[in-house]
1. How many residues, within region 34-49, are under 25 Å from residue 5 (Cβ atoms) and either within 11 Å of the chain's Cα centre (by Cα) or surrounded by 12 or more Cβ atoms within 10 Å (Cβ to Cβ) (or both)?
2. Go through (1) touching a helix residue (DSSP H, G or I) at 6+ places or on another chain (Cβ under 7 Å); (2) at pLDDT below 95 and name the single condition residue 65 misses.
3. Quick one: in region 51-66, of everything that is among the small types (Gly, Ala, Ser) and loosely packed, with under 11 Cβ neighbours inside 10 Å, which residue is farthest from the chain's Cα centre (by Cα)?
Amino acid sequence: MRILELLAQNDIMDEEEARALTHAYTTLRDALHHLALQELPGHVAPEAFSREREQVSASWQKWLMA
């Protein structure tokens, strides 16, 4: 995601955090796309993507709740 890349390039966000958020987004997007191709509902198990969920939650708290 370009916006996260730009935040990291401009030293607004840590590069590792930007990479982790990009990975979380693309991982979930790919999984949902795969389900859509199979004409299945776009729902995943609550325990799926727990690492990604933790990263997004931590970043949400850091950037949007500060």
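The values are calculated or read from the model by the stated rules, or taken from the named source; none is laboratory data. Since this is a predicted model, take the numbers as computed values, not measurements. Here Cβ is always computed from backbone atoms with ideal geometry, including for glycine, and neighbour counts include all displayed protein chains.
1. Final tally of qualifying residues: 1.
2. With (1) touching a helix residue (DSSP H, G or I) at 6+ places or on another chain (Cβ under 7 Å); (2) at pLDDT below 95 applied to residue 65, the lone miss is (1).
3. 66
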